[in-house]
Amino acid sequence: MTRPTPRRTVLTAALAVAAATTAPPASAVPLTARPAGNARPAGNTDDAPVDHHSWTSYADWCSGTAEGTRLTGPRYGIVIGRPTSTVVYTDPHTQQTSSWETAVWTSPVRILPHPAGEVVASWNADTPAGTWIQAELTGTYTDGTATPWYVMGRWASGDADIRRTSLDGQGDGRSSIGTDTFSIDTPESGLRLASYRLRLTLYREPGTDLTPVVWRTGAMASDIPDRFTVTGSVPGEGAGAELPVPRYSQEIHKGQYPEYDNGGEAWCSPTSSQMVIEYWGRKPTAEQLAWVDPSYADPQVDHAARFTYDAQYQGCGNWPFNAAYAATYCGLNAVVTRLHSLNDAERLIRAGIPVITSQSFLATELDGAGYGTSGHLMVVVGFTPEGDVIANDPASTDDTAVRRIYQRSEFETVWLRTKRYNAAGQIRSGSGGVCYLYWPVKPSPLQRRALAGLGIY
């Protein structure tokens with residue numbers, strides 16, 4: 001079952017069910033100039049703007065302000081060079097108090113090409129035992145005033161040092177944080193975010209040489225209008241293409257490890273993430289899976305649930321936590337963004353990149369699903385020759401039933417809309433095209449072009 005989360009675009013942690021090959025990375029090619037946001041054809045006015053921007057290259061990291069951090073390579077990222085302070089942190093979920101040395105990196109100001117009503121930050125990092133990171137965001141409103149510094153996540157790849165967590169109760173009366181999403185409280189007022197900065201604080205045990213490393217940080221800033229329906233796209237270059245993504249059911253994990261959001265029934269997000277991670281040829285080692293009951297099938301799904309779990313949200317559906325989990329696997333990049341239509345997804349599929357989508361719907365709104373949900377993740381793996389969506393849907397009875405075909409217009413509507421009616425006739429929110437994208441650090445030229453078309457580098 002889902003829990004109410006007031007300012008989250010869509011609840012993605014769990015289902016409310018109404019009815020019971022590896023793709024090897026290619027060599028890198030030189031970076032090209034970076035257009036602002038998700039580039040659209042010249043002369044095409046975008047009424048649902050999305051700007052995705054990341055800091056990940058040598059020049060990107062140098063453009064920020066370092067307080068105790070330094071650059072490392074050959075995959076460029078930041079680490080603790082010389083700590084600048086020692087702080088005391090009491091974990092709100094364990095009540096354990098510990099001291100930590102810190103270093104800080106702050107991004108330059110990102111002036112948005114179009115003011116935004118929502119922002120979702122994400123990051124790719126490695127945090128060895130004894131280390132963790134905190135991601136924060138601040139910005140300037142379109143009236144020239146400033147937001148506070150908001151915590152977008154306290155994150156570690158493990159769970160022995162701190163509990164991975166979002167932070168509730170943040171707001172200034174004009175904007176607030178709902179789990180992982182910055183939102184303008186009253187968008188009908190016309191107020192928007194004009195620019196933002198990100199800040200990363202790296203933590204380590206005092207007196208050690210330990211350090212996290214952060215290879216990528218960035219944010220998706222968008223201003224999707226309220227919409228109950230969308231204009232359907234015409235099948236394009238993805239028609240007839242299907243990627244060999246492994247198929248895992250969340251339903252076979254019901255009752256397993258209920259401390260992670262009541263077990264597998266709510267594990268749509270980590271199950272989807274694990275499918276795509278394994279498509280790219282990565283998976284947990286036997287040693288990493290040793291904690292899982294050996295009688296459980298697909299133990300890597302249990303593993304993904306544990307290591308995406310947000311102790312504050314009490315679920316595994318935190319969007320950037322899923323992306324960060326994927327990026328702990330060697331050689332993978334991961335971001336959270338929004339797409340404009342299934343044509344964007346087709347270009348990614350044609351390039352060999354699966355798309356993890358977030359949607360909510362009644363059982364009558366998506367033929368063939370057999371359930372309704374207030375928030376659910378699945379993997380778009382291809383398109384039929386007619387352009388309908390081929391999805392690996394983890395809300396399936398077993399692994400063999402995961403592959404589904406959904407009517408294009410129905411799928412596009414339940415994914416891209418921002419408003420919907422629930423079974424009681426009440427207005428609720430939709431994701432507005434949210435997706436996770438995971439791809440190799442060294443993408444093929446075709447993959448690089450498909451991502452660049454979305455402003456992702």
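The values are calculated or read from the model by the stated rules, or taken from the named source; none is laboratory data. Just so it is clear, the model here is predicted, and its values are computed rather than measured. When we count neighbours, we look across all protein chains shown, and the Cβ atoms used for this are built from the backbone with ideal geometry, even at glycine.
Here Ala221 qualifies as within 30 Å of Ser360 (Cα to Cα) and hydrophobic (A, V, I, L, M, F, W, C). Cβ-Cβ distances below 7 Å connect the following pairs, each with a first residue in the range 240-268 that is farther than 30 Å from Phe383 by Cβ, a second residue that is outside any strand (DSSP E or B) and of a type in the set (Gly, Ala, Ser), and a separation of six or more residues or different chains: Lys254/Gly264; Gln256/Gly264; Tyr257/Ala305; Tyr260/Ala305; Asp261/Ala13; Asp261/Ala14; Gly263/Gly255.
Checking the range 144-166 against the condition returns a match, with at least one residue being in contact with a Pro (Cβ under 9 Å, 6 or more places away or on another chain), under 24 Å from Gly81 (Cα atoms) and surrounded by fewer than 19 Cβ atoms within 10 Å (Cβ to Cβ).
Can you name every residue in the range 155-207 that is more than 29 Å from Tyr141 (Cα to Cα) and not in a strand (DSSP E or B)? Within the range 155-207, Ala156, Ser157, Gly158, Asp159, Ala160, Asp161, Ile162, Arg163, Arg164, Glu205, Pro206, Gly207 qualify. Only a single item in (1) in contact with an Asp or Glu (Cβ under 8 Å, 6 or more places away or on another chain); (2) farther than 25 Å from Ala125 by Cα; (3) surrounded by 22 or more Cβ atoms within 10 Å (Cβ to Cβ) is not met by Ser222, and it is number (2). Cβ-Cβ distances below 6 Å connect the following pairs, each with a first residue in the range 443-457 that is over 14 Å from Gly238 (Cβ atoms) and buried (at least 21 other Cβ atoms within 10 Å of the Cβ), a second residue that is modelled with pLDDT under 95 and among the polar types (S, T, N, Q), and a separation of six or more residues or different chains: Leu454/Asn38; Gly455/Asn38.
Taking the criterion of being in a strand (DSSP E or B) and of a type in the set (S, T, N, Q), the residues of the range 88-125 that qualify are Thr90, Thr97, Ser98, Ser99, Thr102, Thr106, Ser122, Asn124.
The condition (being of a type outside the set (A, V, I, L, M, F, W, C) and closer than 18 Å to Trp439 by Cβ) is satisfied by just one residue among Thr364, Thr357, Thr384: Thr357.
Is there a residue in the range 93-113 that is of a type in the set (Asp, Glu), closer than 21 Å to Asn322 by Cβ and out of contact with any helix residue (DSSP H, G or I) (no Cβ under 9 Å at 6 or more places or on another chain)? Within the range 93-113, not a single residue is of a type in the set (Asp, Glu), closer than 21 Å to Asn322 by Cβ and out of contact with any helix residue (DSSP H, G or I) (no Cβ under 9 Å at 6 or more places or on another chain).
Among Ala194, Ala241, which is farther than 24 Å from Leu348 by Cβ and either surrounded by fewer than 18 Cβ atoms within 10 Å (Cβ to Cβ) or not assigned by TED's automatic domain parsing to the domain that holds Pro284 (or both)? Spell out the reasoning first.
Values: Ala241 fails: farther than 24 Å from Leu348 by Cβ.
So the residue among Ala194, Ala241 that is farther than 24 Å from Leu348 by Cβ and either surrounded by fewer than 18 Cβ atoms within 10 Å (Cβ to Cβ) or not assigned by TED's automatic domain parsing to the domain that holds Pro284 (or both) is Ala194.
One residue is enough: does the range 411-430 have a residue meeting the conditions at pLDDT 95 or above, touching a helix residue (DSSP H, G or I) at 6+ places or on another chain (Cβ under 8 Å) and part of a loop (DSSP other than H, G, I, E, B)? Within the range 411-430 (the criterion being at pLDDT 95 or above, touching a helix residue (DSSP H, G or I) at 6+ places or on another chain (Cβ under 8 Å) and part of a loop (DSSP other than H, G, I, E, B)), the answer is yes, since at least one residue qualifies.
Considering only residues that are of a type in the set (Val, Ile, Thr) and crowded, with 23+ Cβ neighbours inside 10 Å, which ones fall in the range 109-132? Don't jump to the end; show me each part of the working.
First pass over the range 109-132, keeping only residues of a type in the set (Val, Ile, Thr): 109, 111, 119-120, 127, 131.
Within the range 109-132, Val119, Val120, Thr127, Thr131 meet the criteria.
Annotation for the range 259-272: at least one member residue is under 19 Å from the mean Cα position of the chain (by Cα) and on the phi > 0 side of the Ramachandran plot. Scanning the range 30-67 for residues that are surrounded by 18 or more Cβ atoms within 10 Å (Cβ to Cβ) and modelled with pLDDT of 95 or more yields Pro49, Val50, Asp51, His52, His53, Ser54, Trp55, Thr56, Asp60, Trp61, Gly64. For the range 267-276, state whether one or more residues are outside the structural domain of Asp143 (by TED's automatic domain parsing), modelled with pLDDT under 95 and touching a strand residue (DSSP E or B) at 6+ places or on another chain (Cβ under 7 Å). The answer is no; no qualifying residue exists.
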